[in-house]
Amino acid sequence: MSNVIVVFTSFPDSDCAKSVGIAMVEEKLAACAQIGASIESFYEWNGEFCRTPEISVTFKISPQKIVAAKKRFMELHPYECPEWVELSAEASQKYAEWVNKV
């Protein structure tokens, strides 16, 4: 199997991003959590224009664990409506084996 699930998300600050990233990896729901740089998000929420600093995070998850990973992520994330953008990706055989072994 050479498929992995890549999840893109964001958090309000690096401490929160690290906390959730570590939990997801330690609980073996994600093989990897990559915490990126600070970003600035522009969006409309409850009828108001918002401009918010956030931290981007990318998770690599086995397709077999995606349901449990999403459930736990939603429990841990502080936002009322957290970003969860999930893509199926073709990966190198060795990398996919590692992600799917976790």
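FYI, it's all coordinate maths here, none of it is from the lab. Not measured: the values here are computed from a predicted model. Note that we place each Cβ from the backbone using ideal geometry, even for glycine, and neighbour counts take in every protein chain shown.
Can you tell me which residue among 99, 57, 67 is of a type in the set (A, V, I, L, M, F, W, C) and part of a strand (DSSP E or B)?
57
Take residue 62 and tell me if it is under 13 Å from the mean Cα position of the chain (by Cα), of a type in the set (S, T, N, Q) and more than 15 Å from residue 34 (Cβ to Cβ).
So residue 62 fits the description; yes.
Which ones in the range 28-54 are small (Gly, Ala, Ser), within 26 Å of residue 102 (Cα to Cα) and in a loop (DSSP other than H, G, I, E, B)?
Hits for the range 28-54 are 30, 31.
Looking only at the range 11-34, which residues are surrounded by fewer than 17 Cβ atoms within 10 Å (Cβ to Cβ), small (Gly, Ala, Ser) and touching a strand residue (DSSP E or B) at 6+ places or on another chain (Cβ under 6 Å)?
14
Are any residues in the range 71-94 assigned to a helix (DSSP H, G or I) and touching a residue at least 60 places away in the same chain (Cβ under 8 Å), and if so, which ones?
73, 93
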